[in-house]
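These notes concern the structure reproduced below.
The values are calculated or read from the model by the stated rules, or taken from the named source; none is laboratory data. Since we're looking at a predicted model, the values are computed, not measured. In case anyone asks, the SASA skips ligands and DNA or RNA and just uses the protein heavy atoms, side chains included. Shrake-Rupley method; radii C 1.70, N 1.55, O 1.52, S 1.80 Å.
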Amino acid sequence: MAFDAVMVFTQASKDGIQPKGESLILKDGITLAAELRQLARPMGIAVISANQQVEVVKRAQAAGATFLPKPLTEKALAGFFAAVAEQRNAAGK
């Protein structure tokens, strides 16, 4: 289960996403990824899970997230960050 960052971090500003509230709600990480994708600020989102079933990977991708399997390796995480940085650079951010 993932913390519901959407409920906590929804007020965007030029400095980033600022905390809006204090309560955290547990929810499915893929659901959270989809809700985060709906925020105005573009961001890299990864779903990290040991469940590598095709359906889970497809749901993560459909939510606009990158699926990273557990056990998470430094190489996989570095690749994710590199891809996000490349996307941001290409978008001029």
Item to check | Lys27 - accessible surface, heavy atoms, 1.4 Å probe, Å² rounded to 10 | outcome: 40
Checklist entry - So how much slack lies between Lys58 and Lys70, counting 0.36 nm per residue of separation and subtracting their Cα-Cα distance, in nm? => result 2.7 nm
Next on the checklist: Once ligands and nucleic acids are excluded and a 1.4 Å probe is used, how much of Glu86 is accessible, expressed in Å² to the nearest 10?
Outcome noted: 130
Checklist entry - Once amide H atoms are placed 1.01 Å from N in the peptide plane, what residues at a sequence separation of 5 or more from Phe67, or on another chain, have their amide H within under 5 Å of its amide H? => result Val47
